[in-house]
Amino acid sequence: MERTAHSLKGALRNIGGTQAALLSDELEKMGKQSRLEGAQVILQNLEKELVRISLFFDPSAETLLRFEDGKQFAGVPCQR
């Protein structure tokens, strides 16, 4: 987890994904400490940020990110 979070953090900083990079940094620190408690919540928040970043760079990606009910993905409302 530590190595993956570190790599993701760097990539996110390069594209201006500040909030997502902070979440990745937290996961990296947790991995260094072999501490997984709370990681699921951070991963869920990271997923939401990654969706927002995807939509920023490609608004048409919304259709790919929709659940079958058409309402939201990762807690991010989809517009119709």
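Derivation of every value follows stated rules applied to the coordinates shown; laboratory data play no part. Remember, predicted model here, so these are calculated numbers, not experimental data. Counting neighbours? That spans all protein chains shown, and the Cβs are built from the backbone with ideal geometry, glycine included.
Values computed for the structure shown
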read-out: Gyration tensor (alpha-carbon) shape descriptor, the range 13-55, a/c threshold 1.5; value: oblate
read-out: Net charge, K9 excluded, C-beta distance under 9 Å - Lys, Arg +1, Asp, Glu -1; value: -1
